[in-house]
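The values are calculated or read from the model by the stated rules, or taken from the named source; none is laboratory data. None of the values given here were measured: they were computed from a predicted structure. Cβ sites come from the backbone with ideal geometry, for glycine too, and all protein chains shown count toward neighbours. Accessible surface areas use protein heavy atoms only, side chains included; no ligands, DNA or RNA. Shrake-Rupley method; radii C 1.70, N 1.55, O 1.52, S 1.80 Å.
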Amino acid sequence: MDSPFLESGAGDASRPKERPPTTPPEGHRCPPSDSATTSPFPPAECWTAPRTSTWRKPSSPTFWEDWHHQALARLPHRIHPTAQIHPTAIIGDDVIIGPRVRVWEFSTVRAGSVLCADVSIGFNCEVTRSFLGERAILGHRIGINRTLVGADAHLSANLTVAAISMWSPHMRNPEREIILRTPDGLYRCGTPQFGALIGDRVQTGNNISLGPGLALGCDTRITSGVTLAARTLPHHSIITAPHTSDAQVRQRPAHREKTPAPDSDSC
């Protein structure tokens, strides 16, 4: 299935592991190893995801860890020298952080994550095994798990992307495969842990719950209070929660003081 939900080539994090690929991922533009060592800083193209017209599955199954290990081997710096990371932030051992990335107070970026150039992670966020495209912004108190976020996406405060189906018999060791519902039928992700595919320039409100098994088209807008999972949405969609459109406002009646009853002896 060709799914045009990401314009930036983020790769496919949902493929089962079979064997490591023998060639670099298609579209990789890193220079040869001898030229990479001539400069203390990696060239800009090493930190920028190649632009493609559509997001596609690889022709052969490839596990996310294989691509991640190849990227670690090619980059001179796992954390770019221009990145700004607050002292209270926690960064995993194999996290890749690009130029001018900012990670603010008490945020955690766990193992297997990739932050492309100019990404901003707000206060008290948690990013687990996820890919964030160029200039993506995460507001405060956001948790995303096994998710691909496109370029220039802006996710507001108190947003959660779940990666495990609550229908799994044992959520500690999930077995239920994540499935996306598409116009052409069901798409099997091939993994029991996959959060969401969030397209380029997606914007969200606050207090939102997404995933597992969700794909959002580019330029989609989601208002506050929305819950979405296990489906695909086309480009330029607008999603609103029922309470946002059905809200009713009425005015309270003015307070009236009770008039005391007249005295029976008075005229």
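Numbers below:
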{"read-out": "Long-range neighbours under 6 Å by Cβ, at least six apart or interchain, first residue among the polar types (S, T, N, Q) within region 86-113, second part of a strand (DSSP E or B)", "value": "Ser107/Ile121; Thr108/Ile90; Thr108/Glu126; Ser113/Val127"}
{"read-out": "Boolean, Thr88 is polar (S, T, N, Q) and either within 30 Å of Ala230 (Cα to Cα) or touching a His at 6+ places or on another chain (Cβ under 7 Å) (or both)", "value": "no"}
{"read-out": "First in region 159-171 and over 23 Å from Gly225 (Cβ atoms), second anywhere and open to solvent by less than 100 Å² (accessible area, probe 1.4 Å), Cβ under 7 Å, 6 or more apart", "value": "Ser168/Pro174; Ser168/Pro192; Met171/Ile164"}
{"read-out": "Which numbered condition Asp93 misses (of (1) open to solvent by 10 Å² or more (accessible area, probe 1.4 Å); (2) under 27 Å from Ile178 (Cα atoms))", "value": "(2)"}
{"read-out": "Subset of region 187-243 that is touching an Asp or Glu at 6+ places or on another chain (Cβ under 8 Å) and either at pLDDT 95 or above or farther than 20 Å from Trp167 by Cα (or both) - its residue that is surrounded by the fewest Cβ atoms within 10 Å (Cβ to Cβ)", "value": "His236"}
